[in-house]
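Trainee: Below are the structure tokens for one structure; questions will follow.
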Amino acid sequence: MRKPVIVTEDICQLTPEWLYSKNLTTVLSDLDNTLAGYGANVPDEAAAAWIGSLKSAGIRLMIISNARRERVAAFCGPLGLPFLARAGKPRARGLLEALETLGASAAEAVMVGDQYFTDIKAGYNAGMRAVLVEPRTQGFFFTVRRWLEIPFIGRKAERL
Ligand SMILES: [Mg+2]
């Protein structure tokens, strides 16, 4: 039985209030097209404010990306964000290692990403909840990929 997917337009909608209301204390986030525009080395204003709001609220945030180390470090380093590059999503292993690093359990963590078959699957494989976001960079390729994902996301998707 496939789990219903939670879908939202933007990661910034996962406010500390919403996270706490779902008993979530830990966010594992994809980087490209989820927290950053594709290949962008700095967060936009909204994403930077969101990162700050989590920090103030005591919610842990770690970046889990399949991209290479240099790309992920370029974004996370200046922000002081912990990260895992070459994470091997959709396999659970990287996410489970991240949870151990953070000292968090799967039950209190959510995986957020723009791709169903890597990010969301990885979250479910690790026994976590997962939220699918709209890709931050729009374009033909991303639109087509989302069409292909729709049958798997299903009609039961919960919109935030
Ligand atoms: Mg992505």
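Since every read-out is calculated from the coordinates, none of them should be taken as a lab result. Here the structure is a predicted model, which is why all the values come from computation and not from measurement. As a convention, Cβ positions derive from the backbone with ideal geometry for all residues, glycine included, and neighbour counts pool all protein chains shown.
Trainee: How would the chain be classified by its alpha-carbon gyration tensor: rounded, prolate or oblate, with rounded meaning a/c under 1.5 and the a/b versus b/c comparison settling the rest? Don't skip to the end; give the middle numbers.
Mentor: Working: a/c = 1.29, a/b = 1.12, b/c = 1.16.
It is rounded, given that a/c, with a ≥ b ≥ c, falls under 1.5.
Trainee: Next up: Among 10, 30, what is the fewest-to-most ranking by other Cβ atoms within 10 Å? Walk me through the numbers before you get to the answer.
Mentor: Values: 10 14, 30 27.
Sorted ascending by nearby Cβ count, the order is 10, 30.
Trainee: Let me ask another. If each residue of separation counts as 0.36 nm, what is the full-extension length gain between residue 7 and residue 100 once their alpha-carbon separation is subtracted?
Mentor: Working: separation 93, 0.36 × 93 = 33.48 nm, distance 2.64 nm.
So the extension gain works out to 30.8 nm.
Trainee: Turning to a different aspect of this structure: Among all the aspartates and glutamates, which ones have a C-alpha under 14 Å from residue 89's C-alpha, if same-chain residues fewer than 8 places away are not counted?
Mentor: Qualifying aspartates and glutamates at Cα under 14 Å: 30, 32, 97, 114, 119.
Trainee: Still on this structure, please answer the following. Divide by every residue of the chain the summed helix terms, -39500 (n - 2.57) for each DSSP H run of at least 4, and state the resulting mean residue ellipticity at 222 nm, rounded to the nearest 500 deg cm²/dmol. Walk me through the intermediate numbers first.
Mentor: Working: 6 runs with 59 residues, N = 160.
It comes out at -11000 deg cm²/dmol, rounded to the nearest 500.
Trainee: Tell me the net charge near residue 59. Cut-off is 11 Å between Cβ atoms, residue 59 excluded, with +1 for each Lys or Arg and -1 for each Asp or Glu. Please report the intermediate quantities before stating the final value.
Mentor: On the way: positive: 55, 60; negative: 17, 108.
Residues near residue 59 contribute 0 overall.
Trainee: Once the piece of chain linking residue 21 and residue 143 is laid out straight, how much longer is it, given 0.36 nm per residue of separation minus the C-alpha distance between them?
Mentor: Working: separation 122, 0.36 × 122 = 43.92 nm, distance 3.16 nm.
Between residue 21 and residue 143, full extension yields 40.8 nm more.
Trainee: Next up: Using modelled amide H (1.01 Å from N, peptide plane; none on Pro or chain starts), what sits under 5 Å from the amide H of residue 84, excluding residues fewer than 5 places away?
Mentor: Amide H to amide H, under 5 Å and 5 or more residues apart or across chains, residue 84 pairs with 63, 64, 65.
Trainee: What ³J(HN,Hα) values, in whole Hz, does the Karplus curve 6.51 cos²θ - 1.76 cosθ + 1.60 give for segment 112-129 when θ = phi - 60°, with x put for Gly and Pro?
Mentor: Result, ordered by residue: 10, x, 9, 10, 4, 7, 10, 5, 5, 4, 4, x, 5, 4, 8, x, 9, 7 Hz.
Trainee: What shape does segment 53-113 have by the C-alpha gyration tensor, where a ≥ b ≥ c are the square roots of the eigenvalues, rounded means a/c under 1.5, and otherwise prolate means a/b greater than b/c and oblate the rest?
Mentor: Details: a/c = 2.06, a/b = 1.07, b/c = 1.92.
Here segment 53-113 falls in the oblate category.
Trainee: Taking θ = phi - 60°, what integer Hz values does the Karplus form 6.51 cos²θ - 1.76 cosθ + 1.60 yield along segment 66-79, in sequence order, with x for Gly and Pro?
Mentor: With the stated coefficients, segment 66-79 comes to 8, 6, 6, 4, 4, 5, 6, 5, 4, 7, 7, x, x, 8 Hz.
Trainee: Each residue of segment 11-23 in turn: what ³J(HN,Hα) in whole Hz from Karplus with 6.51, -1.76, 1.60 and θ = phi - 60°, glycine and Pro shown as x?
Mentor: 4, 5, 6, 8, 6, x, 4, 5, 4, 5, 5, 9, 6
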